[in-house]
Structure formats: C-alpha cells, structure tokens
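> Below is the structure I would like to discuss, written out as structure tokens.
The values are calculated or read from the model by the stated rules, or taken from the named source; none is laboratory data. Fair warning: this is a prediction, and the values are worked out from it, not measured in the lab. We place every Cβ from the backbone using ideal geometry, glycine too, and count neighbours over all the protein chains shown.
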Amino acid sequence: QVQLVESGGGLVQAGGSLRLSCEASGRYAMAWFRQAPGKEREFVAGISWSGGRTEYADSVKGRFAISRDTAKNTLYLRMNSLNPEDTAIYYCAARRWADPVVRTTQNQYDYWGQGTQVTVSS
C-alpha cells in the first residue's frame, strides 16, 4: 500500500514563503498538483524517478523549487514569492513506474496524498 502524507501548508502573506513536504512509503517519480476553488486540478512541479529531471508550470517557474531526499523518501516543494493566485489545496502524487521523464497530467499518476491547504493573503 503506497502512502503519501503531505505537510507544511498554512496561511502566509503575499510575498512570503512556504515549504511543503510529502513523505512517501517508497521511491517514485513524483509531482505536486494544486486545485484552487472552482478550478480544475493543475500540475505545479514534478521530478523524475532518478531526480535528474524536473519540470514546472509556467506560473511557478523561478518561484517554486521541487526537490527530494531519497534517503528519507520525502518530496519537497519550496514556494517563494507567493501571491494570492497560489491559494489552493496542494497534492502530492506518485507514479508507480521508474520514469526517466516527468509526467505533467494527473491521469499519469497512480497514488495521491490527502492534500494540504495553502492560503496566501493579499
């Protein structure tokens, strides 16, 4: 049974920073998605199984950074220069295949965490 447990969400003022964590029960190709109220879930950032490749949505490039600690099976998302448009529930996702590339659509991920709320006030 694959388990993904997110943490690190919260309330932050515009311009602030947060770091999300996702503890996994193994090593996978992984990604962060988010879903804002009234909107569809969207890709935010992803990392390949090896960790050698990363991808970002255009809206977060230069502000967010995805990384992983392989020894701890933990995925991170460092979020800087947050703005109210970043307000959403953030989900960690894992893909069962040891992909050398990053997948960016949600139907390509097999396992999901419960989500963590990020709220950015103006």
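> Is it true that Ser122 is touching a Pro at 6+ places or on another chain (Cβ under 6 Å), touching a residue at least 12 places away in the same chain (Cβ under 8 Å), among the small types (Gly, Ala, Ser) and farther than 13 Å from Gly26 by Cα?
yes
> Does region 80-122 hold any residues that are closer than 14 Å to Ala36 by Cβ and not polar (S, T, N, Q), and which are they?
Leu82, Pro84, Glu85, Asp86, Ala88, Ile89, Tyr90, Tyr91, Gly115, Val118, Val120 - these are the residues of region 80-122 that are closer than 14 Å to Ala36 by Cβ and not polar (S, T, N, Q).
> Kindly indicate which of Ala94, Ala65 is out of contact with any Lys or Arg (no Cβ under 7 Å at 6 or more places or on another chain) and either of a type outside the set (D, E, K, R) or closer than 18 Å to Ala14 by Cα (or both).
Only one candidate qualifies: Ala94.
> How many of the residues making up region 14-51 are farther than 14 Å from Thr87 by Cβ and free of Cβ contacts under 8 Å to residues at least 24 places away in the same chain?
The total comes to 2.
> Quick one: is Asp99 modelled with pLDDT of 95 or more and among the acidic types (Asp, Glu)?
For Asp99, the condition - modelled with pLDDT of 95 or more and among the acidic types (Asp, Glu) - is not met.
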